[in-house]
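S.K.: Okay, handing you the structure first.
The values are calculated or read from the model by the stated rules, or taken from the named source; none is laboratory data. Bear in mind the structure is a predicted one, so any value in this text is a computation, not a measurement. No Cβ is skipped: glycine too gets one built from the backbone with ideal geometry, and neighbour counts run over all protein chains shown. Areas reflect the complete protein model, heavy atoms only, side chains present, ligands, DNA and RNA absent. Shrake-Rupley method; radii C 1.70, N 1.55, O 1.52, S 1.80 Å.
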Amino acid sequence: MLDKVQTDWNTFKISFSIRGGKFIPSLVTRSLDNILKQMDRITAMYVAIY
């Protein structure tokens, strides 16, 4: 799951640099929403361990 988050983050960073440092609001919202959902799942997995 962490690899997927890393891939999503890298895709987001690449798209940002391609656009000359300009964000596309819909891309930001979609990408970060996916990343946050994945991180919530990962955090829940860690909580379940303890």
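S.K.: With the full set of protein chains in place, find how many percent of the accessible area of the chain is carbon and sulfur; take the probe as 1.4 Å.
M.R.: Values: 2620 of 4110 Å².
C and S atoms contribute 64 percent here.
S.K.: Rounded to the nearest whole Å², what accessible area per residue is found for the chain with the 1.4 Å probe? Walk me through the numbers before you get to the answer.
M.R.: On the way: 4110 Å² over 50 residues.
Value returned for the chain: 82 Å² of accessible area per residue.
S.K.: Right, next: Which value in nm describes the separation of the simple spin-label points at Trp9 and Ser26, placed 7 Å from the Cα toward the beta carbon?
M.R.: Inter-label distance under the simple model: 2.7 nm.
S.K.: Right, next: Quick one: 3J(HN,Hα) in Hz for the stretch 7-16, Karplus 6.51/-1.76/1.60 with θ = phi - 60°, rounded, Gly and Pro as x.
M.R.: Karplus values, whole Hz, x for Gly and Pro: 5, 4, 5, 5, 4, 4, 5, 5, 5, 5.
S.K.: So, one more: On C-alpha positions alone, give me the angle between the axis of helix 25-49 and the longest principal axis of the chain, in degrees, nearest 10.
M.R.: So the helix axis and the longest Cα principal axis differ by about 20 degrees.
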